[in-house]
Amino acid sequence: MRCPFCGHNEDKVVDSRESREGDAIRRRRECLACGRRFTSYERLEELPILIVKKDGRREAFDPAKLMRGLTAACQKRPVPLARLEEVAGDIQARLMELPDREIPSRQLGELVMDALKGLDSVAYVRFASVYREFKDLPDFVRALEGLMGSAGAQPAPPPPPAPRTPKTAPPAAPAPPPLVKRQPAPPKTTEGPSFATPLFEGVEPEDPGVPRRRKSR
């Protein structure tokens with residue numbers, strides 16, 4: 001580095017330390033020609049990232065605006081602030097790795113949606129409803145179907161087979177009762193005194209064969 005006092009191009013570094021903000025390195029140099037010392041700062045060269053809007057307007061990428069969008073999407077969700085800062089840093093690093101310095105807003109939105117999909121499903125649907133400007137219910141349903149499809153829900157396992165029961169012979173039918181041969185009833189007859197039936201116990205019936213005579217007066 002050229003000496004600001006004598007214009008000599010050779011020097012040596014006698015001290016190096018970082019700045020308080022951490023965005024530069026302070027180097028203390030000594031000229032080899034005149035022996036005087038001077039200070040130089042080494043900073044990282046940053047090219048601005050421009051976000052191209054849908055209407056063609058261009059504006060500089062704002063990390064604070066990205067952080068506000070992530071915070072609004074994850075409002076009242078169990079997502080710690082440190083995790084949101086990590087996601088915002090990852091998105092900014094991916095933008096820095098792109099060869100083009102002008103990035104469409106659609107591409108930035110897709111990066112944010114991919115990060116929220118793995119972070120919180122409700123935050124993903126919130127951001128998608130604003131970013132994609134859902135007009136009606138079918139658009140919202142398609143977003144939910146895409147989220148459920150990416151989750152890769154596994155099908156429920158089939159129910160276990162029922163235990164096999166040993167085969168047993170059916171119970172035997174009860175044997176029918178034996179047939180009893182009925183004896184024919186004896187023929188009824190009124191002949192003879194043996195077949196007369198007494199009307200009262202101890203009183204013999206009268207003989208029908210002997211006619212009764214009336215007593216004459």
Of the residues in segment 6-26, those that are outside any strand (DSSP E or B) and over 30 Å from PRO99 (Cβ atoms) come to CYS6, GLY7, HIS8, ASN9, GLU10, ARG20
Taking segment 119-141 and the residues there that are over 21 Å from the mean Cα position of the chain (by Cα) and basic (Lys, Arg), the one that is modelled with the highest pLDDT would be ARG132
Picking from ASP120, ASP100, ASP55, the residue that is over 30 Å from ARG20 (Cα atoms), in contact with a Cys (Cβ under 9 Å, 6 or more places away or on another chain) and among the acidic types (Asp, Glu) would be ASP120
- [ ] Can you confirm whether segment 105-114 contains a residue that is under 23 Å from ASP55 (Cα atoms), in contact with a Lys or Arg (Cβ under 7 Å, 6 or more places away or on another chain), in contact (Cβ under 8 Å) with a residue 24 or more places away in the chain and not basic (Lys, Arg)?
- [x] yes
Based on this model, can you work out whether ILE51 counts as under 42 Å from the mean Cα position of the chain (by Cα) and among the hydrophobic types (A, V, I, L, M, F, W, C)? yes
Scanning segment 70-89 for residues that are of a type outside the set (A, V, I, L, M) and assigned to a helix (DSSP H, G or I) gives THR71, ARG83, GLU85, GLU86, GLY89
Contact list, first residue from segment 1-15 and under 10 Å from ARG37 (Cβ atoms), second anywhere and basic (Lys, Arg), beta-carbon distance below 6 Å, six or more apart or interchain, is PHE5/ARG36; ASP11/ARG29; VAL14/ARG28; ASP15/ARG28
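Matching residues to (1) exposed (fewer than 13 other Cβ atoms within 10 Å of the Cβ); (2) touching a Leu at 6+ places or on another chain (Cβ under 8 Å); (3) part of a strand (DSSP E or B); (4) free of Cβ contacts under 8 Å to residues at least 40 places away in the same chain:
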residue: ARG28; (1), (2), (3), (4): no, no, yes, yes
residue: PHE38; (1), (2), (3), (4): no, no, yes, yes
residue: PRO48; (1), (2), (3), (4): yes, no, no, no
residue: ARG68; (1), (2), (3), (4): yes, no, no, yes
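The values are calculated or read from the model by the stated rules, or taken from the named source; none is laboratory data. From a predicted model like this one, the values you see are computed outputs, not experimental measurements. Don't worry about glycine lacking a Cβ; one is built from the backbone with ideal geometry, like all the others, and counts go over all protein chains shown.
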